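Presented below is the structure to which this report refers.
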Amino acid sequence: MLDEMTLLMKLKEGNPQAFRVRAYENAAASIRDLGRPVAGMTEAEMVALKGIGKSTAAKIREYLETGAFAKLAELRETYPPAFVEMTRIPGLGPKTLIRLRDELDINTVDDLRSAIDREALRALPGLGAKSEEKLKLAIERLGLHGKDRRTPIAVALPIAAEVVAALEKLPGVTAAQYCGSLRRFSETIGDIDVIVAARNHRSVGDAFVALPLANEVIAHGETKSSILTRDGLQIDLRVVDPGVYGAAVLYFTGSKSHNIALRQRALDRGWTLNEYSLSDIETEKVIAARTEKSIYSALGLAFVPPPMREDTGEVQAAAGKLPRLVTERHIRGDLHVHSDLSGDGRAPLAAMVKGAAARGLEYLAITDHGEDLSINGATKSQMLGMRRKLEKLQERYPDMTLLWGCELNIGADGGLDYDDEFLASFDWTVASVHSHFDLDIAAQTTRLIAAMEHPSVNAIGHISGRMIGRRPGIFFDQDKVLATAAATGTGIEINGALERLDASSAMIRNGAELGIDFVINTDAHHPDDYRRVASGVLHAQRAWLEHRRVANSWPRHRFLNWVQRRRG
Ligand code: DGT
Ligand code: CA
Ligand code: CA
Ligand code: ZN
């Protein structure tokens, strides 16, 4: 709710930095970091928290008591979801959006598209043919236009998790699971598909369409229902008998082409496979239906992890040997972690180290931003202070090796922060692109290669810099970059932040074939972010990545040898 208020306030104030915007932003951050529910707190207790003032506390109470609050309802009226969606388009600030609405009656992405097509934007001062072209490109890249619009996984996953948690609690429900592209861990999601096992189909459907996030009910039947959220995201529900749950989950997880490949295998055996069962065509006897595993097994296949179900050879592989995929339990270290020495860090060093120890990590690199990140980087002397703190902490955590690291900034020409001598003194570094997203392909390629060739760079962080659904990231020559990674022994990060999931799964799969080493990192800015390792792993599984290719799955001594070899 506070996140939504922040966004709507930006529109109202016409300025993302306005005081009221910051107030909601800070309050949201404060609650997010609290680590316990705010629900039981009094207004006075809330005000005592950093970032929450009297008026915000009153609004939170109002929301907790009534399930709504007036100010939000009012702003939602003024800025409906179709209008708010335009804030996702890079280059369209709140001021411009309001002008477009007031002067050209542009209220939706579709309005904007047609205004661009009739060259209407260039009539406004400050906008020209060039901005029209840029905006048009951005709209296409974001897939915001028409019925092909897709939702980034970072938005869809928490919503799906909330729906599943609500349905699981209902009486009579024995299992619930989101399926479809989300379970396969696609980067963007067309709609969310939820399967529930229960005998009382009707009452589950009734509860589903009554969920607070159901803004519109588009279907409500005995076993099938569909709702739309306020943002226009569709959620489909199917309620099935517990005895056929596996068949339903398998079918609705897809992908469609994976299903077709499975069905073909069934037909070869005189069987048929659909959302109800695997059964014999002649006798109609059910062979398997209750669990996915029993169906795969009857077909002579190993269980195929959902991220692999894209019909790129996995059915054939499951008939013989599946790759030894990396799983969460393989991960022993995290090599991209920020403390509040980074301006965007949200927890002090001690809390970050403690959080990592609580997860049983064997090694941990603290990688605050290097000095070149203009608003955010640490000076040499701050970095040296960090080293001393880490040495102290190391005594308290004998079972976890603490590495003094840095997230370096790859400059436009591939240059890095600090001087070579200082760079060589770190225990570990990741180097990432944080600026100059508009250079051409050749320049971006040169830049990445230069960073990889630097002897003090251990790995490249979030290599494209993309933000899924918001920013495409840099374009570079993947073959050349992968060849350099292989030749130099530079690791490539798999960033577990759902907005990033960077490198792309295609790049990971190609890189693994070249024998490149990967590191699955969380890029944590708060101890809660350590959970992102699960997302990094699922994304890696989409690329069929084996754990032996993941450097931070290796035992400590082997990992540290690898780091040392690189740093000379
Ligand atoms: P999305 O929603 O566009 O991101 O992608 P999916 O994969 O979630 O697709 P969706 O929601 O249309 O359908 C969910 C699953 O249901 C899909 O992955 C496979 C299954 N399915 C849907 N239509 C068909 C079909 O015509 N044949 C087969 N074999 N399976 C289908
Ligand atoms: Ca779907
Ligand atoms: Ca669907
Ligand atoms: Zn970072």
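The table for this structure:
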read-out	value
Gyration tensor verdict on the stretch 419-515 (Cα atoms; rounded if a/c is under 1.5, prolate if a/b is larger than b/c, oblate otherwise)	rounded
Under-5 Å amide H pairs with Ile218, H placed in peptide plane, nonlocal only	Ser226, Ile227, Leu228
Whole-Hz ³J(HN,Hα) from phi, Karplus 6.51 cos²θ - 1.76 cosθ + 1.60, for the stretch 341-346, glycine and proline x	5, 6, x, 9, x, 10
Two-decimal Rg to Rh for the stretch 253-320 - Kirkwood Rh, Cα set	0.94
Three-way shape call for the stretch 470-568 based on the alpha-carbon gyration tensor, with the a/c threshold at 1.5	oblate
Highest-first arrangement of 528-536, 108-116, 490-498, where packing means the average Cβ count within 10 Å	490-498, 528-536, 108-116
Ranked Thr6, Thr367, Thr488, criterion: other C-beta atoms within 10 Å, fewest first	Thr488, Thr6, Thr367
Alpha carbon convex hull of the stretch 114-264, projected area averaged over orientations, nm²	11.5
Sorted by Cβ neighbour density within 10 Å, fewest at the top, the residues Val239, Val550, Val155	Val155, Val550, Val239
Value of relative contact order over the chain, rounded to a whole percent, pairs C-alpha under 8 Å and six or more apart	9
Expected 222 nm ellipticity per residue - DSSP helices of 4 or more, -39500 (n - 2.57), all of the chain, to 500	-12500 deg cm²/dmol
Rh (Kirkwood; distinct C-alpha pairs) - the stretch 176-268, Å	13.9
The stretch 223-268: C-alpha gyration tensor shape, a/c 1.5 cut-off, then a/b vs b/c	oblate
Span from the the stretch 388-408 Cα centroid across to the the stretch 448-474 one, whole angstrom	25
5 Å-binned pair-distance histogram of the stretch 385-466 (Cα, whole percent)	3, 15, 24, 19, 14, 11, 8, 4, 2, 1
Residue pairs, from the table Lys10/Lys380; Lys71/Lys134; Lys10/Lys134; Lys95/Lys134; Lys95/Lys130; Lys354/Lys392, whose Cα atoms sit over 24 Å apart	Lys10/Lys380; Lys71/Lys134
Along principal axes, Cα extents of the stretch 192-239, largest first, whole Å	31, 17, 15
Residue exposure sequence - Ser553, Ser257 - by fewest surrounding Cβ within 10 Å	Ser257, Ser553
The stretch 312-438: equivalent-ellipsoid semi-axes (sqrt of 5 x gyration tensor eigenvalues, Cα, Å)	31, 22, 12
Diffusion constant of the chain at 20 °C, which comes from Stokes-Einstein with the Kirkwood Cα-pair radius and 1.002 mPa s, µm²/s	82
Calculated over the stretch 75-114: convex hull of Cα atoms, volume per residue (Å³)	66
Rg and Dmax [Cα atoms of the stretch 38-135; Å; Rg one decimal, Dmax integer]	19.2, 55
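Each value in this text was obtained by applying a stated rule to the coordinates, not by laboratory testing. In this text the structure is predicted, and so the values were computed from the model without any measurement. Every residue, glycine among them, receives a Cβ derived from its backbone with ideal geometry; neighbour counts consider all protein chains shown.
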